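Taking it in order: structure first as structure tokens, then the write-up.
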2 protein chains.
Amino acid sequence: MNAEIIAVGSELLTPQRLDTNSLFLTQQLNDLGVEVTTKYIVGDNRDHVADAVRRAMSRAEIVILSGGLGPTEDDVTREAVALAIDRKLVFHAEISDHIEQRFRQMNRKMAEVNRRQAFVIEGADILPNDRGTAPGQWIDESETCILLLPGPPHELKAMFTRQCIPRLERVVPKQVIRTLVFRVAGMSESDLDQTISPVYKKYDNPVTTILAGDGDLQVHLRAHGASEPDALGLLTEVAGPIDMLLGERIYSRNGDSLEAVVGELLKKRHATLAVAESVTGGLLAQRITSVPGSSTYFLGGFLTYSNKMKTELLGVSEETLQLHGAVSKETAEAMALGTRRRTGSTFALSITGEAGPEPIESVPVGTVYVGLADAAGCQVLHRVFLGDRARIRVFATQMALDMLRKKCTVVS
Amino acid sequence: MNAEIIAVGSELLTPQRLDTNSLFLTQQLNDLGVEVTTKYIVGDNRDHVADAVRRAMSRAEIVILSGGLGPTEDDVTREAVALAIDRKLVFHAEISDHIEQRFRQMNRKMAEVNRRQAFVIEGADILPNDRGTAPGQWIDESETCILLLPGPPHELKAMFTRQCIPRLERVVPKQVIRTLVFRVAGMSESDLDQTISPVYKKYDNPVTTILAGDGDLQVHLRAHGASEPDALGLLTEVAGPIDMLLGERIYSRNGDSLEAVVGELLKKRHATLAVAESVTGGLLAQRITSVPGSSTYFLGGFLTYSNKMKTELLGVSEETLQLHGAVSKETAEAMALGTRRRTGSTFALSITGEAGPEPIESVPVGTVYVGLADAAGCQVLHRVFLGDRARIRVFATQMALDMLRKKCTVVS
């Protein structure tokens, strides 16, 4: 079964805005076994929207519109759909009363214009909106269901999840979808693809997608079958060999982020972590502390952006800095050891490097050293990353977290 | 004049991907005075793409397709456009030779399938691609220009900027567009809109858009006129009163980020900065150091996530922590003063707070204290932010940077 999604709103046609509701809707539809075949982004123009509705209806069994249900004259979705399927709009006093009541609860008077939201397409089922004033509408028109949903994401998500999915499940032919996500670190996108494409290229079902962004790689597998064992069987046939091929480079099989996985490993070992950041300027700590509950294992650390700070806060000797430079194996090591000494943490990670745009020392832009100290001593890894300042910094933190992950996996 | 944009690629219909090329294209088209009236995202299906082309041609003077120019059978854009306008595809040996040569330069042999990329729609002008193998195409068909552009953003951007804009300038009626961006801190989106809407609501030209995200507010103004003085006059008529109404809450009139503005202020004063972060866990430093050249004023600082670190690294007394708590005015003050003392910086910023999800101390989630120490002493501001962990952390750093901005603006 196919769906087409129409996002309505002139603001979605500016250079600053993207329609992100369709990502949520696509995920939900895919989970039901429905494919999205076309998406439209249309301005607040009744004829354009009606035209898109007619075109979508001619090709898809499910047509979903988001946005354009507000109270102003710019909000044309109701009129446009009524026009496209040649039905009347009917005023519902009980909706108007409900909206008026909402305003009263907020100690405000409903503006006359809000009555527009009480118009419903003849024969449509009303989808109540408990998070806003605009009700949704569900219309069965010959072979197609047409859904009108509010634009604000939290209203749309609640309405779709609670009211539309149960109804769609009765409409969509029964099939079972099973998905699996591998998250992978320590290899490039092309290496990953070269490694696993001989496996997944042979299969249309499951569908395999590789996503790359900010040094993080994900392999998404989605299988659909007539039954649970059927779908799981298809999924495993591809996921099994991929899992084997990637081995320890897979850091998560449930979607967890690298910082969350590292956090769990530290918690299990009752270990603590401290960091010293130069080139990444806080990004590593920010990732670590973005995990709720990270205060149980993360102590804190040092932002030693200047050489003086490296010496004064971490005890990196001036000799080391002069002889080897701030971006060197020796400095990374001294930073990690100094951090562990001053905080008493189980593990200490240090990052020093050159993110550009202009190199300050005599190392190429993209050079990164990561140090990892524990009771046994300190190891340092060296890499040169391509790309701009932001990319180099993200890749450096990914490298540091992955180094700690491997250390914790080996020892535990 | 109107344009419609068609993004081609089944991967753009998955829950993970968005078509972002259209944002760049919209910006460029708007700057020429062209409005985008509909965007389509269509899978790798020849008939669907041809259908979208026909529909777009019936309504817009400019139709731009991105993607689907690759060498595989999935790449259907050439065939689809040829079908839509009923023209033949013609093989161009010189394009094939050029692609073969590119492969040779990379020490690789061209696969036979790449010859597909040498097919050009009859009568089309070829747009050479110096960043990839797929050439673009420009077709004049009755009243419409149809542009076929490659999908990879760096190829599309280079081709559009260098080859399409000069040609479009000759097609599009001459008009001058002038834009202005105010970036604003220290107020909510609804406060901002209430303050300035009485001014901008009266005008269709310039178009005024308010963008809000992550504690950052932007007011975009775009005026078009027959001449430069005309456009500037229209722009100023609205921008002037908005500027007056917002006053010092505007931190940038050229698009610069808050961290860049603060950096410039520090540089001008030959001042240095150090930070101590608890709740934001490195996010403040990460923002400061995302600015190239920040090492001239940013010394570094302390990540004092645990109370022990606050005491050991910054000298926050255990009495202060016990009596007032880690999330308190007194702790923020001791953190800022301790940071300045230990680093010798001109300014020291400290942030302590509670980002949740579960409050650890007896303060509500969202509570933030920011301390700012200088030679004269220390001031502390207190706020409670709504939202999730990530949002509270971003708002806290925005608050800290804005506090420093105001301090530097007043004193300098």
* Asked: Size of the range B:2-171 along its principal axes in angstrom, Cα-based, largest extent first?
  -> 44, 36, 32
* Between B:LEU232 and B:GLU169, what FRET efficiency follows from the Cβ-Cβ distance if R0 is 22 Å, with the result rounded to 0.05? -> 0.65
* Table column - 3J(HN,Hα) (Hz), the range A:305-320, Karplus curve with 6.51, -1.76, 1.60, x for Gly and Pro -> 6, 9, 4, 4, 5, 4, 6, 6, 8, 10, x, 5, 6, 4, 5, 4
* Structure fact -> Here the correct list, in nm and shortest first, of distances from A:SER190 to the same site in the other copies, label points 7 Å along Cα→Cβ, is 5.2
* To do: Could you tell me which residue in chain B puts its beta carbon nearest the axis mapping B onto A, with the distance rounded to whole Å?
  => B:GLY282, 2
* Between their Cα atoms, which of B:LYS268/B:LYS407; B:LYS267/B:LYS407; A:LYS268/A:LYS407; B:LYS267/B:LYS310; B:LYS268/B:LYS406; A:LYS267/A:LYS407 are more than 19 Å away from each other? -> B:LYS267/B:LYS310
* To do: Alpha carbons only, please: Rg and Dmax for the range B:304-393, in angstrom.
  => 12.7, 37
* Potential lengthening between A:THR409 and A:ASN2 on full extension [0.36 nm per residue; Cα-Cα distance subtracted] -> 142.1 nm
* Structure fact -> Between B:MET106 and A:ARG104, the two model label points (7 Å from Cα along the beta-carbon direction) sit apart by a distance in nm of 6.8 nm
* Roughly what % antiparallel, to the nearest 5, for the DSSP beta bridges in the protein assembly as shown? -> 65 percent
* Asked: How big is the charge dipole of chain B about its Cα centre, in debye rounded to the nearest 20, if each Lys and Arg gets +1 on its Cβ and each Asp and Glu gets -1 on its Cβ?
  -> 1080 debye
* Asked: What are the nm distances, shortest first, from A:ASP130 to its equivalents in the other copies, labels at 7 Å along Cα→Cβ?
  -> 6.0
* To do: Against the globular-protein guess of 2.2 N^0.38 Å, express the Cα radius of gyration of the range A:176-252 as a ratio, rounded to two decimals.
  => 1.06
* Among A:TYR305, B:ILE392, B:LEU149, whose Cα sits farthest toward the positive end of the charge dipole of the protein assembly as shown (+1 at Cβ of Lys/Arg, -1 at Cβ of Asp/Glu, about the Cα centre)? -> A:TYR305
* Compute the distribution of all C-alpha to C-alpha distances in the range B:34-73, in bins of 10 Å from 0, and list the percent of pairs in each, rounded to whole numbers. => 25, 55, 18, 1
* Beta bridges per DSSP with both ends in chain B, % antiparallel, nearest 5 -> 60 percent
* Asked: Using a label point 7 angstrom from Cα along Cα-to-C-beta, what distances in nm, from shortest up, separate A:ARG391 from the other copies?
  -> 3.2
* Asked: If R0 is 60 Å, what FRET efficiency do you get for A:ASP47 and A:LYS268 from their C-beta distance, rounded to 0.05?
  -> 0.50
* To do: Return one quarter of the surface area of the convex hull spanned by the alpha-carbon atoms of the range B:310-357, equal to its mean projected area, in nm².
  => 3.5 nm²
* To do: Please work out, to two decimal places, the log10 of the ratio I(q)/I(0) at q = 0.15, 0.18, 0.20 Å⁻¹ from a Debye calculation in which every Cα of the range B:241-348 carries one identical scatterer.
  => -0.70, -0.89, -1.00
* Would you mind listing how long the range A:1-70 runs along its three principal axes, going by Cα atoms, in whole Å with the largest first? => 32, 25, 21
* Structure fact -> Mean other chain Cβ within 10 Å across A:232-238 is 0
* **Rounded FRET efficiency, nearest 0.05, which uses the C-beta distance separating A:SER362 from A:ALA93 and R0 of 60 Å** => 0.15
* Structure fact -> Nearest 10, in degrees from 0 to 90: the angle of helix B:389-411 to the longest Cα principal axis of chain B is 70 degrees
* How about A:LYS39: which lysines have a C-alpha closer than 29 Å to its C-alpha, ignoring those fewer than 8 places off in the same chain? -> A:LYS88, A:LYS157, A:LYS174, A:LYS201, A:LYS202, B:LYS39, B:LYS88, B:LYS157
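State the antiparallel share, in %, of DSSP beta bridges confined to the range B:247-376, rounding to the nearest 5.
Given both bridge residues lie in the range B:247-376, the antiparallel proportion sits at roughly 40 percent.
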* **Phi to ³J(HN,Hα) by Karplus 6.51 cos²θ - 1.76 cosθ + 1.60 over the range A:149-163, Hz, x for Gly, Pro** => 10, x, x, x, x, 6, 6, 4, 5, 5, 5, 5, 5, 7, 10
* To do: Could you tell me whether the range B:115-192 comes out rounded, prolate or oblate from its Cα gyration tensor? Rule is a ≥ b ≥ c as square roots of the eigenvalues, rounded for a/c under 1.5, then prolate if a/b exceeds b/c, otherwise oblate.
  => prolate
* Structure fact -> Rounded to a whole number, the mean other protein chain Cβ count within 10 angstrom for residues of A:396-403 is 0
* **Backbone HN-Hα couplings from phi across the range A:245-257 [Karplus 6.51/-1.76/1.60, Hz, Gly and Pro as x]** => 5, 8, x, 5, 6, 6, 9, 8, 10, 10, x, 4, 6
* Asked: Using only Cα atoms, what is the ratio of the radius of gyration of the protein assembly as shown to 2.2 N^0.38 Å?
  -> 1.02
* Asked: In nm, to one decimal, how far is the modelled label at A:ARG162 from the one at B:TYR203, with both set 7 Å along Cα→Cβ?
  -> 4.3 nm
* **Taking N as its residue count, the alpha carbon Rg of the range A:258-411 over 2.2 N^0.38 Å** => 0.95
* Structure fact -> Computed from every Cα-Cα pair in the range B:100-156, P(r) in 5 Å bins starting at 0 and rounded to whole percents is 4, 17, 24, 22, 18, 8, 4, 2, 1
* To do: Report the full-extension gain for the segment A:GLU122 to A:ALA375: residue separation times 0.36 nm, less the Cα-Cα distance, to one decimal in nm.
  => 83.7 nm
* Starting from the amide H of A:GLY301, placed 1.01 Å from N in the peptide plane, find each other amide H under 5 Å away whose residue is 5 or more places distant or on another chain. => A:VAL275, B:LEU303, B:THR304, B:TYR305
* Mind jotting down the distance between the C-alpha centroids of the range B:256-296 and the range B:341-412, whole Å? => 14 Å
* Just from the alpha-carbon atoms, what are the Rg and Dmax of chain A in angstroms? -> 27.5, 83
* Asked: Once you put a point 7 Å from the Cα of B:THR195 and another 7 Å from the Cα of B:ASP256, both along the Cβ direction, what distance in nm separates them?
  -> 2.0 nm
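Any read-out appearing in this document is the output of simple, stated calculations on the displayed coordinates, not a laboratory observation. Only a predicted model underlies this, so the values are computations on that prediction, with no experimental measurement involved. Note that we place each Cβ from the backbone using ideal geometry, even for glycine, and neighbour counts take in every protein chain shown.
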